[in-house]
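Data first, discussion second: the structure below is written as structure tokens.
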Amino acid sequence: MSTDDESFHPLGEEWEDELESMLDDTEYDSELGMKMAQDAMRVTEGELSEAEFHDRYHEEVMEEFGEDERPTKEAYEAAQEEAKGTAASMLEKFDGDGEETRRETMKKMGVGAAAVGMGAFGTAADGPEQSLAAEKGPRQETTEESDTQWGMTIDLDRCDGCLSCMTACSQENDLDQGVNWMYVMAWEDENHSGASDGGNTDTNSQFNRLSDYNMLVRPCQHCTDAPCEKVCPTTARHTRDKDGLVLTDYDVCIGCRYCQVACPYGVNYFQWDDPDVAYEDIDGLEDPEDPDEITHAEYEHGERWVDSRAPRGVMSKCTMCPSMQDGKQGEENVGTTACETACPPDAIQFGNVKDEASDPSQHREYPTKSRAVIDINANVPSPDVVDSNVSDGDSLEAAIEAIDSTEDADLDETTVAVAKAIEIQSRDTETDPGDEENNSILEQQQTVLEFVTALEEYVDLESESARETLDLDQVDDIGNAAQIRLEQYAGDPSSFQLLEDIGTNPNVTYLGTQPGPEAHQVEGPTKYEDVDLLDKRQEYLDKETVGHVDGVSL
Amino acid sequence: MSTKEPTEADILRPINTLTKKYFILYGAAALGLVAFLIAWAYQLQQGLIVTGLGDWGSGGGSTWGLYIGAFIWWVGVAHGGIILSAAVRLLGMDRYMPIARLAEMTTIGGLSAAGFYILVHMGRPDRMVTSVIGHYHITVNNSPLVWDVTVITAYFVLSATYLGLTLRYDISRLRDDLPDMFEPVYKIMTIGYSEKEDQVIDRMVWWLAAAVIIMAPLLLHGGVIPWLFALLPAMPAWSGGIQGPMFLSIALMSAISGVMIISYAFRRAYDWDHIITDDIFRGLLLWLGFFTLLFLWFQLQANINGVFLGPTNSAVAAEAKMAHPLYQLAMGMAFLTLVYIFLQAIRPSLFSKKRALVASVAILSATLTEKILFVVEGFLHPTFDIYANTPGTYFPSAIEWLSLVGTAGLVALLFLNLSKLVPVVELHAIEHMRGDHGHSDDATEQEVEA
């Protein structure tokens, strides 16, 4: 089976196309059929429960066919007993009175579900496509394009090296000392000196540079082309189709450590001895009977254990909190990670990097504007405050004065200037936050835009005098002027990915200064031991080494 | 050279004698193996933390170490052994016929030791079957480690078949002089034997030998084993197309040295001066010199490519490797051995079997050192070496060192056991040395003699 093939069906694209054209010949909705087919495949692979499948398409099926006799949650166990395979039993339900031919049935239910069903029929007919799900097995590569890919944009200029993310990660996942899934370091190289030499010249704004250090924040990069996954001899290291997270199945890993060898970033940590936190004490296992309570251990669709610290003898690394993404820690935690939540200056923006409206995408594509939005949105007065304090004909200065003098708000020219610049800069871009998670930047931008709109009811912010007051007159073109103003405020960070030339296609993007090839770590603003973290794990491991002699090394 | 005529009695001597020295050696080898098995049990109980290994990166350790280094070293010995034997058959190097079977047995021993290392190295060896074989059809498309296990298994089957087929000829002819207590084993090994098959077996063995010779450089020690390392994207100490030839040269050096040591031991123990002759040692020494020369040449290529205007990452890795005292020691040993081999070639009086033995031990130590260093160097100087704790530290723990003793004991036990069961020198070889050519003819003759 070609791994490049992006078809969802194990028999490949051609097969799908054939079935799709078959479906096109019917009076039924091809698109619905293909969508159902895709999910039906996922049912056969155990990624989706039958009940979920049923629920997802109930309305559409009713609309299309006028009936929906597929197995429901209640019918689930009975269907299992029939042991005819998911697809076959689903087909039967469609088949209703049993008088329709197989082909008609297939057409009726939609080509996709039929494609799955063919597997079951093919077994009897000795067709080439027998036992589809078995042939496919647990997947190594992403074969279907999901529209979700969790990832991060990390603003290194905003990182003040407080290590809150590291401790949060460690607590969330019950990690051993020295197992630093999230790792934050300060660094220097020839072109970028550290705090000791003072004066970084990369940026020119008050806004960023929360510390004098060059920082690097290193979670797992959750690469699209993950070398660790490629080399794994067991498929324990795998990429989840539904959201691109690269995870380790703790029940399959044999502990050969080849993933750690192949990872160019050094994000893996092996469990050399028994973990400090016993299995029973892992968070979220208080009520093992309630599946929604199992947040950490025994996890992923109830089948694969991928979250929290690893047991002895297997590999672990940053997971980007899959139990949160799957809603097992409450809806409010979907689209967040422990490190993101813990980060005081919001340097970490986690979300769906394929969604243009998501925080990581916004931060990556419009770093200057997004920084400004994150920084000023809390200080922006609400439209009500504007309405009740400003009257027609007020000058800009008077309006600012009027708002600033109230108890409800603080306002200065800089805030207005930056808000106006944001408004100008967002004219040609997506502004609708949508209803997905991780859209806080666009939501915050909405707040800013509402303020600008409210203020402009009374004051012309694009008049010559207003532009002068707001420092938006450096160049004639107002778009360029806005950009310059925002850069003055928030800097204009370059973006990069770590080791881009290695070809791993990481899903973490950085804003700020890229460490050169000779960059080396230096002591950062916060010492690891001050926040109860162990940096050099070898110090701990050496204690248990049989016949260890201090200071002797190859 | 000895004037004594080699006889069947000569090659049967190991089987039909039982000496005190044998028991002492057997006890020592068994003790080594058992000691390591106990150590391994402790490792299984405590976890791999009892080794000197750790996490590369922020952890300041080395992910792989002696276990993997020794693993590829043993695989090298094994691969070289079978190449040696195949060359004898395929290229008609009749001079080395008396040691061909020792080389094949070295292969079986080496592969056993290597396979054992795979288990010892794992965090969860209990899952080998379910996790590896269960997903084989997927992982074989990607994982060099799975390719590795695949070719090693293929190789083991190939070598065992090869050895098993050639043993049928000997056992069926010498059966009357073989101990009765192993009768069932001999029965199974010679099941369905008839003299008519000799020619067929000859052909089969020839083709197997051809397969070995073709597979070895392409797939085995010139391919899949170095690919475990050379294909990884960000470990400059390992990368480069030179690793294939490099690994192959190391395999041949190690195997020739290993076979020389084993041959020396058998010759001494069973007075085989007239079978494993000085001539064989001289010849092996020359081959050893040839492959050592190649090896040093490849090392030069690898280093020059790094240190002279190399990209930052490979320059750092190459410079660090060259500066390592153990690397210098290993290369020094190899170079001095090469010098000795060269000198004894132009002045034959410099040859002695003891010196050949010393040369073999030096080369084996050099290749083992190089292998372990090679593995560790990768983690010490990765492309992404921003971490303050990289390069990390690693020194093998007592348990890891003991694994060398254990696996050496395992291989020694294999030889000690096999030498009591079957002739370790082929009947063909002594027939050849006596000058009886043509199998069908002398087969009849022998029957008359018997």
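The values are calculated or read from the model by the stated rules, or taken from the named source; none is laboratory data. None of these values were measured; they are calculated from a predicted model. Note that each Cβ is placed from the backbone with ideal geometry, even for glycine, and that neighbours are counted across all protein chains shown. Quick note on the areas: whole protein, heavy atoms, side chains included, nothing else; ligands and nucleic acids left out. Shrake-Rupley method; radii C 1.70, N 1.55, O 1.52, S 1.80 Å.
Search segment A:532-554 for residues being within 30 Å of the chain's Cα centre (by Cα) and more than 7 Å from every other protein chain (Cβ to nearest Cβ), and hand back the single one that is surrounded by the fewest Cβ atoms within 10 Å (Cβ to Cβ).
Across segment A:532-554, the extreme among qualifying residues is A:Asp532.
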Name every residue in segment A:173-198 that is away from every other protein chain (no Cβ under 13 Å) and under 21 Å from A:Gly266 (Cα atoms), in order of residue number.
A:Asn173, A:Asp174
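Each row is one residue, and each column tells you yes or no for (1) among the charged types (D, E, K, R); (2) assigned to a helix (DSSP H, G or I); (3) touching a Phe, Trp or Tyr at 6+ places or on another chain (Cβ under 6 Å).
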{"site": "B:Ile11", "(1), (2), (3)": "no, yes, no"}
{"site": "B:Val34", "(1), (2), (3)": "no, yes, no"}
{"site": "B:Gly60", "(1), (2), (3)": "no, no, no"}
{"site": "B:Tyr67", "(1), (2), (3)": "no, yes, yes"}
{"site": "B:Ile72", "(1), (2), (3)": "no, yes, no"}
{"site": "B:His79", "(1), (2), (3)": "no, yes, no"}
{"site": "B:Arg95", "(1), (2), (3)": "yes, yes, no"}
Conditions (1) crowded, with 24+ Cβ neighbours inside 10 Å; (2) polar (S, T, N, Q); (3) modelled with pLDDT under 95: number failed by B:Thr3:
(1)
Cβ-Cβ under 6 Å pairs, at least 6 apart or on other chains, segment B:309-323 side in contact (Cβ under 8 Å) with a residue 60 or more places away in the chain, far side assigned to a loop (DSSP other than H, G, I, E, B)
B:Asn313/B:Pro236; B:Asn313/B:Thr383; B:Ser314/B:Pro236; B:Val316/B:His381; B:Ala317/B:Pro236; B:Ala317/B:Ala237; B:Ala317/B:His381; B:Ala320/B:His381
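Yes/no matrix, rows are residues, columns are (1) over 30 Å from B:Pro233 (Cα atoms); (2) out of contact with any Ser or Thr (no Cβ under 8 Å at 6 or more places or on another chain):
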site: A:Gln444; (1), (2): yes, yes
site: A:Phe451; (1), (2): yes, no
site: A:Val459; (1), (2): yes, no
site: A:Ser463; (1), (2): yes, yes
site: A:Thr469; (1), (2): yes, yes
site: A:Gln483; (1), (2): yes, no
site: A:Gln497; (1), (2): no, no
site: A:Glu500; (1), (2): no, yes
site: A:Leu511; (1), (2): no, no
Please enumerate the residues belonging to segment B:396-430 that are surrounded by 22 or more Cβ atoms within 10 Å (Cβ to Cβ), within 7 Å of chain A (Cβ to nearest Cβ) and either more than 26 Å from the chain's Cα centre (by Cα) or of a type outside the set (S, T, N, Q) (or both).
B:Ile399
Quick test for you: out of B:Ile68, B:Ile11, pick the one residue that is farther than 19 Å from B:Pro423 by Cβ, open to solvent by less than 20 Å² (accessible area, probe 1.4 Å) and β-branched (Val, Ile, Thr).
B:Ile68
Which of the residues belonging to segment B:71-105 are more than 14 Å from chain A (Cβ to nearest Cβ), more than 17 Å from B:Val424 (Cα to Cα) and of a type outside the set (Val, Ile, Thr)?
B:Trp73, B:Trp74, B:Gly76, B:His79, B:Gly80, B:Ala87, B:Leu90, B:Leu91, B:Gly92, B:Met93
Does B:Leu368 count as within 14 Å of another protein chain (Cβ to nearest Cβ) and either closer than 30 Å to A:Met215 by Cβ or surrounded by fewer than 21 Cβ atoms within 10 Å (Cβ to Cβ) (or both)?
no
Given the conditions (1) out of contact with any Leu (no Cβ under 6 Å at 6 or more places or on another chain); (2) touching a residue at least 12 places away in the same chain (Cβ under 8 Å); (3) not hydrophobic (A, V, I, L, M, F, W, C), report the number of the one that A:Gly512 does not fulfil.
(1)
Identify, by number, the condition in (1) at pLDDT below 95; (2) surrounded by 20 or more Cβ atoms within 10 Å (Cβ to Cβ); (3) hydrophobic (A, V, I, L, M, F, W, C) that B:Phe308 doesn't meet.
(2)
Within segment B:223-245, is there a residue that is surrounded by 21 or more Cβ atoms within 10 Å (Cβ to Cβ), assigned to a helix (DSSP H, G or I) and under 12 Å from the mean Cα position of the chain (by Cα)?
no
